[in-house]
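Here is the structure we will look at.
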Amino acid sequence: MVRPHRYVLAVELERGLDDEVAMHRRCDNPLCVNTGDGDAFAAHVVLASAAENMADMGRKGRGGGRRLWFGAERARRSRAVREAVLRYGWNRHAIETALYDGAQGTLW
């Protein structure tokens, strides 16, 4: 079995990925498979070392078992993003609206 984020990154890179190849999602959305379609700055799913993943976890406060969103809320957010992408494609505004429901603004 190949997980969707690994599959889509292999397609984007046009090569197979060994099991030891690490990657992470910059957006931390479990359903995200956005590889940026050739734009490395827009990509959410990227190659990363285990050390980079751990550093990212620390910066985002994900270490120690406390998640920002968990359980039903995490699932709801993931489904909302999936629905937005299915309906509008990779529309930034639609995805942000689905993620935050207007409850939290962005920095800019």
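The values are calculated or read from the model by the stated rules, or taken from the named source; none is laboratory data. It should be emphasised that the depicted structure is a prediction, and the values quoted were computed from it without experimental measurement. When we count neighbours, we look across all protein chains shown, and the Cβ atoms used for this are built from the backbone with ideal geometry, even at glycine.
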Does residue 21 meet the test of being out of contact with any Phe, Trp or Tyr (no Cβ under 8 Å at 6 or more places or on another chain), over 22 Å from residue 95 (Cα atoms), touching a residue at least 12 places away in the same chain (Cβ under 8 Å) and part of a loop (DSSP other than H, G, I, E, B)? yes
Give me the pairs, please: first residue somewhere in the stretch 46-61 and among the hydroxyl-bearing types (Ser, Thr, Tyr), second residue anywhere and outside any helix (DSSP H, G or I) and surrounded by 12 or more Cβ atoms within 10 Å (Cβ to Cβ), beta-carbon distance under 8 Å, and either six or more positions apart or on two chains. 49/22
Is there a residue being within 23 Å of residue 79 (Cβ to Cβ), surrounded by 17 or more Cβ atoms within 10 Å (Cβ to Cβ) and of a type in the set (Ser, Thr, Tyr) anywhere in the stretch 7-14? no
Report whether or not residue 25 is loosely packed, with under 15 Cβ neighbours inside 10 Å and modelled with pLDDT of 80 or more. no
Residue 16 vs. criteria more than 12 Å from the chain's Cα centre (by Cα), among the small types (Gly, Ala, Ser) and on the phi > 0 side of the Ramachandran plot: no
